[in-house]
Structure formats: C-alpha cells, structure tokens
Amino acid sequence: MDKGSKIYVAGHTGLVGSAILRRLQNEGFSNLLVRTHKELDLCKQSEVERFFNQEKPDYVFMAAAKVGGILANSTYPAEFIYSNLAIQLSVIHSAYLYGVKKLLFLGSSCIYPKVTPQPMKEEYLLTGALEPTNEAYAIAKIAGIKMCQAYNSQYGTNFISVMPANLYGPGDNFDLQTSHVLPALIRKFHEAKLSEQSVTIWGTGKPRREFLFVDDCADACYFLMNHYDESEIINVGVGKDISIQELAELTGDVVGFKGDIVYDQGKPDGTLLKRLDVNSINGMGWKATTDLRDGIARTYQWYLTHDIAKNK
C-alpha cells in the first residue's frame, strides 16, 4: 500500500476497526474510507455494492462483525450467524466485483475445534467439532474464510484471512450482557471496588485463554497487508496463555480491588484450552509487544475516561 491508496476500514467504530484506523493514520494514510452503520448497512448487498461502485477502494480491512461473549453467543445464535454471514457476503463479493486490490478478512480463534492439540496450528481448522456456546459465530467466520479462499481460487483475487487471539483494549465493549471476559472483568472489579462487594465470575476459573492487545492486532494486520499474500489462514497472537483465575487476580490487582472473588461453577467454562500457534507470523518477523498487565492498565484507563463518562 502506498500513502495515496484509497483504503476502506469496515467496522471502524469497533474495537479492531478503530485500532486499524489509528494505525493507518499514524502511518500517514489520509485517503481513508469509513461509514457508520447508519450511513451504510453492511448486511444489505445493494447498499454495499453501491458504495463500492461509487468509492472504488483499493484495499479493504474487513473488521466489521457482530461479536460478543459466551452469554451473547448462547442467547442470540441466530443473530450472530445471520449478521456475520450477511456482512461477509456483501463486502467480500463487492470487493471482487469492483476490483479491490487486496482484502484482509478478520476471523477469530473460535474457528478451531473445541478439542484440539495446543497450541492451535492453522491446519487444525475443520478437524473436529466446534465449541457449542459460540458455534453459530464460528461457522459464520469459517464461511468467510472459505469464501475468501474460493474467490482467490476462481477469480484470482488477493483476499487474506487473519485469525487473532482474544482481543481487548481501548474502545472495547464493557456491557456485561454482551462483552468478552476481559472488559467484563474490568467493569466488575471497578464497580465492586466502589461498592465494596465481592465479584462473581462464570465457571471454574480453570480455562486458559490467550489475550492480544488490540493495537498489536492492528499492527499485525498492517504488517500482513503489506507482506502476506497467501490464501491459507494465519494466526495472530502472543503465543502464551493465562487461566481465567489468574486473569481475574491480575485484573483485580490492576483495578485496585481488595475484595473476594467467587466462581459460579454452575455456569459454562467454554473451551478449556485455547492458545494459538504463532510460528508462521513470528517467522515473518512480526511479534506482539504489549505486556498483559500494561495492556489491562491502558484498557482500564480508557474505561475510566471514556466508557464511564459516556454512560453518565
């Protein structure tokens, strides 16, 4: 990509999209295309085709998606599979129709089987059953991967698929009904610190997860857009995991919480082990740089100055 390229960041108001936008702006790109949901409904093929026909972007970062934690995925599976499939069909097909030079599709580590060797290599995709609590979302993301690969094979497009670890950072969703585990913990510990109450966490605390700071993910996406042109998916992560119990204790310490942590073992744990094999991207010369404690601290500060203020 050169500095004059016209670049469309789909989902620029979300966690990953906003980080990608920051990364591009910091690199000096100014010909950036963004649209809010009110301005462009990505689920509507006709609207998306009209946008691509009018603007004709050179590159597309596809960070738009309907996302959520275990509760949201379990409660609204139809919404997760429909919205994500519709977005992917509209954007990927339009990118092909209107000659986009390169598209980066952002997937998720939940595409891998529920039970699979650790760390998870790219070739483990579709080798086993998925985790039931987020199956609808995972199937939609797998369809996006396969769509990119099919278009590359049949039409000669350059559509790449990136699978990040669990993401967190500034711009995250802190709604306890729909958020992922780390922002939910930040909010729970903050509110419990103020009320001097205990914090209840779903499950046993034993599952292990890998957490990638969103600005590291954006840096990886920028790197791959410039250096990777293969149809095979590529993992992006830190290459190490942490138990939910350890994460809770670390987050509580960062927030300054001094109370009790209670584990509701009647609630689901989800997949017990989930760590990405990141040898491929590390071998290309990219590695994550943000320490987890520092990342949580930066996310907590963003929550204090943005999310709380927004909801007052």
Going by how many other Cβ atoms sit within 10 Å of their own, how do His12, His37 line up, fewest first? His37, His12
Working only with C-alpha atoms, what are the Rg and Dmax values of region 49-109, expressed in angstrom? 13.5, 39
Rounded, prolate or oblate: pick one for region 110-252, where a ≥ b ≥ c are the square roots of the eigenvalues of its C-alpha gyration tensor, a/c under 1.5 means rounded, and failing that, prolate if a/b is larger than b/c, else oblate. prolate
Per q in 0.10, 0.12, 0.14, 0.17 1/Å, what log10 I(q)/I(0) does a Debye calculation on the alpha-carbon atoms of region 7-310 return? -0.53, -0.78, -1.07, -1.56
Calculate the dipole size of region 225-287 relative to its Cα centre from +1 charges on Lys and Arg beta carbons and -1 charges on Asp and Glu beta carbons; express the result in debye to the nearest 20. 100 debye
Shape of region 145-218, Cα gyration tensor, a/c cut at 1.5: prolate
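Rounded to the nearest 20 debye, what is the charge dipole size of region 29-174 about its Cα centre when +1 sits on each Lys and Arg Cβ and -1 on each Asp and Glu Cβ?
About 200 debye.
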Sorted by packing (mean other beta-carbon atoms within 10 Å per residue), highest first, where do 17-23, 80-86 land? 17-23, 80-86
What residues qualify as long-range amide H neighbours of Tyr263, i.e. H under 5 Å apart, gap of 5 or more or another chain, H built at 1.01 Å from N? Ile201
Does anyone have the angle between helix 292-302 and the longest principal axis of the chain? Alpha-carbon axes, 0 to 90°, nearest 10? 80 degrees
On Cα atoms only, tilt of 214-227 relative to the major axis of the chain in degrees: 30 degrees
Could you give me the ³J(HN,Hα) list for region 103-117, computed from phi with Karplus coefficients 6.51, -1.76, 1.60 and θ = phi - 60°, whole Hz, x at Gly and Pro? 10, 10, 9, 9, x, 6, 5, 6, 5, 7, x, 4, 10, 7, x
Along region 193-203, what does the Karplus equation 6.51 cos²θ - 1.76 cosθ + 1.60 (θ = phi - 60°) give for ³J(HN,Hα), rounded to whole Hz, x for Gly and Pro? 4, 6, 8, 6, 10, 7, 10, 9, 10, 5, x
Using only alpha carbon pairs under 8 Å that are at least six residues apart, calculate the relative contact order of the chain and give it in whole percent. 20 percent
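With charges set only on the Cβ (+1 for Lys and Arg, -1 for Asp and Glu), what does the dipole of the chain come to about its Cα centre, in debye to the nearest 20?
On the way: 32 positive and 35 negative charges, 71 e Å.
About 340 debye.
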Run lengths n ≥ 4 of DSSP H only: what is the helix-derived mean residue ellipticity at 222 nm for the chain, with -39500 (n - 2.57) per run over all residues, to the nearest 500? -13000 deg cm²/dmol
List, in order, the whole-Hz ³J(HN,Hα) value for each residue of region 19-28 obtained from phi through the Karplus relation with A = 6.51, B = -1.76, C = 1.60 and θ = phi - 60°; use x for Gly and Pro. 5, 5, 4, 4, 4, 5, 5, 5, 7, x
Just how far, in whole angstrom, is region 221-288 from region 91-170 if you go by their alpha carbon centroids? 17 Å
Helix 135-155 versus the longest principal axis of the chain: what is the Cα-based angle in degrees, 0 to 90, to the nearest 10? 20 degrees
Which residues qualify? For Leu276, with a placed amide H closer than 5 Å and at least 5 residues away or on another chain, they are Met120, Gly239
In nanometres, what is the gap between the two model label sites at Tyr124 and Gln54, each 7 Å from Cα along Cα-to-Cβ? 4.4 nm
For Tyr98, enumerate residues with amide H under 5 Å from its amide H, sequence gap 5+ or separate chain, H modeled in the peptide plane. none
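Every read-out reported here was derived from the displayed coordinates using simple, explicitly stated rules and does not represent laboratory data. What you see is a predicted model; the values in this text were computed from it and never measured. Glycine gets a Cβ as well: all are built from the backbone with ideal geometry, and neighbour counts include every protein chain shown.
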